[in-house]
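Let me begin by presenting the structure, written as structure tokens, before commenting on it.
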Amino acid sequence: MNSTIKLRRRRKILKAIEPYLFCLPLIFCLFGLFAYPMIRAVIISFQRYKLTELKKVRFIGFDNYINSLRDKNLGMITWNSIKYVVIVVGLQFVLGFGLALALRRPFRFRNVYQAVAFIPYALSGFVCGLMFRWSFNGEYGVVNDLLMKLHITSSKIAFLGTPGLSIIPVYVAAIWLGYQFFAIMLLAALQSIPQEVYESAELDGCGWWRRLFSIIIPYIRPTLLTILMLRVVWTFNSYELIYVITEGGPASSSETLTSYLFTRAYSNLDFGAASALGLMFAVVLLICAGIYMKLTKYNQAGDF
Amino acid sequence: MKKLVSLVLAVALIMTAMAMVSVAGASGEKITLTFLDISPREARATYYNDVFARYTAEKNPNVTIEYEEVPWDDAHTKVVTMAATNDLPDLLNCSPGWITEFKDSDWIASLDDYVADSGITDTFVGSMKTIFDKQVEDYGHIYIIPDGLTTSCIYVRADWIKETLGIEYTELIDEGWTWERYLQLCHELTDPEKGRYGISFRGGMGSVDRITEYMMAMRSEPGVMWANTDNMDELDYLYNTEEDVTLLNEYLSLYWDGCAPTDAVNWAFVEMVDNFCGGLTGTLFNDMEVVASILASDLTEDQWGVLPVPSAMDGRIFMGVNGNTYSYAISNQTEYKDEAWDVLSYLYEGTNNADYCKIMTLFPLSLSATEDPFFGEDGPMAGFLYEINSPDLWKAESTYGPSPEVTQIDLYDGTAELQKVLLKQESVEDFLAWYDDHITEATKTYFEENPEQLERVDQIFGKVEPYATSRDAVSIK
């Protein structure tokens, strides 16, 4: 009798903790891949932590934060980041949405066209960066050649050597590399809109714009808001194109906050300063995401 | 008796076998060492793969060596990151400019015992002993073994000079080859309509070294960089006077006046060499190793030539380089130090060093290699030989000071600040003041954290010395 009670009790306990046991591997993974680096970054951000002087690691309070905020380049770099995100995500969205609308209806060779249009998305950022770095080379680049042959400019433009212009190849590369993401996601969302809705709208005499704003966009709003937010975060966090095309130069003029953070970490090898910058960016991003969700009534947008 | 003879033979065989594998794999264990090349190119990769394969075949079948590479412009970051994560290769190339930070962090092993026990010094030219002595003096131990000896020079487009000035490029030496003449030549060779620029201008990483070398040569007191070194509170970096402002303005005018493409604001080693070899620029100031790149390019023999480094106001030639390039070091993180040393010493055996130096256009350090006529007075490197043995050639550290922080300032923050000057976002005065502040603070901090180094402060700052004497000349026959 006693043993039966014990067995039942044990089964009950096991049943109660079963979900947690299943979650354990995931929790370990999350801790190892996310929580631990995060905690470590917080600790390092309060340390003088230079890779070249690991024997002299010591706590220095808020010095890394204060020095980062005092950095004379910070204002310019923050403004660069905002421009980068707005221009790149904005144009990726417009082009991606346009492509998705164009591919929504079946036409001959649609699959072939779709495959060709999506090829850049399969390229690595590094390869794409090298391609655009050479294309915009001031002396040998194909872009200058085209501009001169089309009589748009009379002399070569040193895109990569001129502050203000050096970021243009990065914009172009980032847009070319990423608009397909919007297209893929939005195409899937568009295809989920029932055909009858379009037909009813047409019968009611809805024009193209009316259909776009009254039917299509409200239908795909959850997808739209989610991928916009994801893309903003990804674009803000991306640095590889800047690293490959301009290395942040000349004179830091094409740095964004993330590429600058990368430079602090992997050129200056100052992981303390880089961690402090990274944590400050993370907080700013979280605040921006919160505001975005509030303004767009994200929680009422429906399921993705 | 038979048993005794068998036993003796067996012992003899075992001892022979043990002697053959005295280094690695005494237990027959097969190991793989990694070697990291920090200036990769096809010819180097071929050389190393070949020499490592021969080492395995001839010296030690239990040891194989894997060749890995990282481009020079990323090498410092990559190697430091590998070291910090305890992932250094067993054997690596190491720039002499990195020794301070690497030995301070215990990343590279002292080679003192290996050098002493192996007697390898006897197989080297006299210059090597001087290099070893200098390392012991500066760092307390021997940490690196140079792959060869180099000197700097000015590469020129001989055909452009003939076309523009109507003279052979060698005639420039007879006219008096000074820095002023060199700057003038850069202007003369510039012709944007023909797509020609006078100089492969260094505006990217490493640019601070180049301007310091120029100022070092052109100042009224050439070579001296620091004052009041006997009193750290008053330690004074000298290159921040009105004279320096004038000199730096003169040098940077090469960029402002269009003697280099606008994109040159970003150029580092690779871009400078590529654009000279590609026919865009008329001159290039760099080390001897560039010859290999030029020979591999489309430039024909009559299109280019080599001139010595221009002389300073007082007739001396100042060199900012360390004399040796991609030296070899053994990682402190390897468990196979003995094996790594065996591989390292093999690189100087037989014709290995000579073969390497021919590929890299360096002067070999193995005595046996100096017999090779390629490196002699009648060989293709005669001009370099003349320069490296010249009594007018003086060696002076350019900017790499004793502190790892100084390396960082020079390579990264200093580059960005100098780019602002090139783009006229900042004045020359502001840059020199910024550099003075940072380099002085870093140097003082170094001495505060390493007070024992104060005893040898004169050695650290008093590095201007006759190049040939300091190297005991290069004894090439």
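Here are some notes:
- Relative to the dominant Cα principal axis of chain B, helix B:242-256 is inclined by about 90°.
- Shape box of chain A [Cα atoms, principal axes, largest first, Å]: 95, 71, 34
- Cα gyration tensor shape for chain B, rounded if a/c is under 1.5, else prolate or oblate: prolate
- Computed helical MRE - 222 nm, chain A, DSSP H runs ≥ 4 contributing -39500 (n - 2.57), nearest 500: -22500 deg cm²/dmol
- Taking other C-beta atoms within 10 Å as the exposure proxy, B:Asp436, B:Asp37 rank B:Asp436, B:Asp37 from fewest upward.
- Across peptide B:417-430, the average count of Cβ atoms from other chains found within 10 Å of a residue's Cβ is 2.
- The alpha carbon gyration tensor of the range A:74-146 gives principal lengths a ≥ b ≥ c with a/c of 1.5 or higher and a/b no greater than b/c, which makes the shape oblate.
- Helix B:42-54 vs. chain B, principal-axis angle (Cα, 0 to 90°, nearest 10): 20 degrees
- Shape analysis of the range A:186-304 based on the Cα gyration tensor places the equivalent ellipsoid semi-axes at 42, 17, 10 Å, largest first.
- Ranking of A:Leu230, A:Leu277, A:Leu147, B:Leu247 by count of other Cβ atoms within 10 Å, fewest first: A:Leu230, A:Leu147, B:Leu247, A:Leu277
- Coarse-grained scattering of the range B:91-176 at q = 0.16, 0.18, 0.25 Å⁻¹, given as base-10 log I(q)/I(0) from a Debye sum over alpha-carbon atoms: -0.69, -0.78, -1.34
- Taking Lys and Arg as +1 and Asp and Glu as -1, the other residues whose beta-carbon sits under 12 Å from that of B:Met215 total -4.
- Too-long pairs where the Cα-Cα distance tops 18 Å, listed order kept, from A:Lys55/B:Lys103; A:Lys56/B:Lys444; B:Lys162/B:Lys194; B:Lys59/B:Lys337; A:Lys83/B:Lys420: A:Lys83/B:Lys420
- Rounded to 10°, Cα long-axis angle of helix B:207-218 versus longest principal axis of chain B: 70 degrees
- When Rg and Dmax are taken over the Cα atoms of the protein assembly as shown, they come to 31.5, 117 Å.
- Among A:Tyr20, A:Tyr121, A:Tyr260: highest mean-square fluctuation, GNM of chain A, C-alpha pairs under 10 Å: A:Tyr20
- Here A:Trp209, A:Trp134, B:Trp226 are placed in order of increasing Cβ neighbour count within 10 Å, fewest first, which gives A:Trp209, A:Trp134, B:Trp226.
- For the range B:198-324, the normalised intensity computed at q = 0.10, 0.22, 0.23 Å⁻¹ comes to -0.38, -1.39, -1.45 (log10 of I(q)/I(0), Debye sum over alpha carbons, equal scatterers, no solvent).
Here, each number is a calculation from the coordinates, and none is a lab measurement. Just so it is clear, the structure is predicted and the values come from calculations on it, not from any experiment. Because the Cβ atoms are built from the backbone with ideal geometry, glycine has one as well, and the counts that use them run over all protein chains shown.
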